[in-house]
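Rule-based calculations on the coordinates, nothing more; no lab input. Because the structure is a prediction, the values reported are computed rather than measured. Reconstructed Cβ throughout: ideal geometry from the backbone, glycine too, with neighbour counts over all protein chains shown.
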Amino acid sequence: MVRKIVETVTDDIDGSKAESTIKFGLDGQGYEIDVSPKNEQRLRKIFAPYLLNARAVVRRRTPSRRRASTRSVPPAAAVPSIDSAAARRVREWARSQGLEVSARGRIPRNIVEQYNESNAQ
């Protein structure tokens, strides 16, 4: 047995067959409406003078919240920021000492401390 499901989208204004979904916004709220070609043309004609004088707004993504760290390292134990040249020197030194260090990202505090101790003399 073959089953064929047909989805028909109807115009939200007059109930005729819709061929487009128009998305728009007003006062920070987004809307969409399914319309037939005739009602799409009417809607665009109504909006035309406003769109000609409006400014386009670029939507920016809102920053996602950071999750709480699962590590048990207190904030006071955080490694102070170092510039890229210093980070490069620390990484080179760590590798020469046989220590594993990633090519990017934060350098573990214990490696920075060992580097500082060996170069303090």
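For the reader, a short list of remarks on this structure follows.
Every residue, every condition in (1) over 25 Å from Asp11 (Cβ atoms); (2) surrounded by 10 or more Cβ atoms within 10 Å (Cβ to Cβ), yes or no:
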| site | (1), (2) |
| --- | --- |
| Lys23 | no, no |
| Leu26 | no, no |
| Gln29 | no, no |
| Glu32 | no, yes |
| Lys45 | no, no |
| Pro49 | no, no |
| Arg55 | yes, no |
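- Residue that is surrounded by the fewest Cβ atoms within 10 Å (Cβ to Cβ) [pool: residues in the range 3-21 that are small (Gly, Ala, Ser) and over 34 Å from the mean Cα position of the chain (by Cα)]: Gly15
- Within the range 1-53, the set of residues being assigned to a helix (DSSP H, G or I) and among the polar types (S, T, N, Q) comprises Asn39, Gln41, Asn53.
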